[in-house]
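Worksheet for the structure shown next.
The values are calculated or read from the model by the stated rules, or taken from the named source; none is laboratory data. Small disclaimer: the values here were computed from a predicted structure and weren't measured. Heads up, the Cβs are rebuilt from the backbone with ideal geometry, glycines too, and the neighbour counts pull from every protein chain shown.
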Amino acid sequence: MDGESDDIKPARRSAGLRLRAGGRRALDWLLPPLCLACRNPVGDHGALCPGCWRRVGYIEMPVCDRLGTPLPFDLGPGAVSPQAIANPPAFDRARAAFRFDDVGRALVHGLKYGDRLEIAPALAGWMARAGREILEDADALIPVPLHWTRLLRRRFNQAAELTRHLSARTGIANEALVLKRGRRTSHQVGLTRAQRLDNVAGAFQVLDEKKGWVRGRKLVLVDDVLTTGATIEACARVLRRAGAARIDVLTAARVVEGPFAVHI
């Protein structure tokens, strides 16, 4: 018994709800809700305006089971693209919420370069939906790490932010201290796939104290965008060498062109 009457409890709950509603109204007045992509006014925080929503290139089924790229028609469960057969990736499966097109780029760049951390929870929600099959029995989420010098300059790792929100949403463990980027690499923008692979070769390691933990685990690598896949490939290879049982990949966006694409 807590000494509180049954009449008082509902009244207290009602007062709490009114207080939270008042807080939301005050927040809306101080910081009016804006579209996550174009920054035009919207009705709710963490939302897209109707125009941007219609233009998001969501990646829907059917997709290549390995690469997560769109297939021109449904070939049944487990179907893989010619690209996956010709160049099997180091990871098992990849999934992404949407294409890295105009709206997708605005969302990813807003988080990554614009310090707009309010975008991360929305992206994590879309990622959880797109990756539900690979998240179903995953043991842990692992963000792609930044080199410490880049982290110091940027102040946060966008992959770690997405992982944090995904973990809170799904209940899957967030293991942010498994991979380390031991060598600072050049920016990947503008490089070919071969150059990107060269650039990240040997850049990642599994921390010594985590090598035993990795063995036999089903892991999901998390990043903001998958372009040529060079960075993800490098991470997957070191996790595979450490004995991971399965390595899947989940990103907010992906480029649907080049060697990992199916053109439709």
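Observations on the model:
- Considering the stretch 233-264, and only residues there that are aliphatic (A, V, I, L, M), modelled with pLDDT of 95 or more and assigned to a helix (DSSP H, G or I), the residue that is nearest to Gly125 (Cα to Cα) turns out to be Ala236.
- Filter pass, Ala176 being at pLDDT below 95, among the hydrophobic types (A, V, I, L, M, F, W, C) and either more than 26 Å from Asp137 (Cβ to Cβ) or crowded, with 16+ Cβ neighbours inside 10 Å (or both): no
- The residues of the stretch 179-197 that are at pLDDT below 80, of a type outside the set (S, T, N, Q) and surrounded by 14 or more Cβ atoms within 10 Å (Cβ to Cβ), listed by number, are Leu191, Arg193, Arg196, Leu197.
- Any hit, the stretch 117-140, residues being within 14 Å of the chain's Cα centre (by Cα), assigned to a helix (DSSP H, G or I) and within 27 Å of Asp208 (Cβ to Cβ): no
- Filtered by the rule that a residue be over 14 Å from Ala173 (Cα atoms) and buried (at least 18 other Cβ atoms within 10 Å of the Cβ), the stretch 135-160 gives Val144, Pro145, Leu146, Asn157, Gln158, Ala159.
- So Gly68, is it under 17 Å from Met127 (Cβ atoms), at pLDDT below 95 and outside any helix (DSSP H, G or I): no
- Number of the condition not met by Ala168 [criteria: (1) surrounded by 15 or more Cβ atoms within 10 Å (Cβ to Cβ); (2) modelled with pLDDT of 95 or more]: (1)
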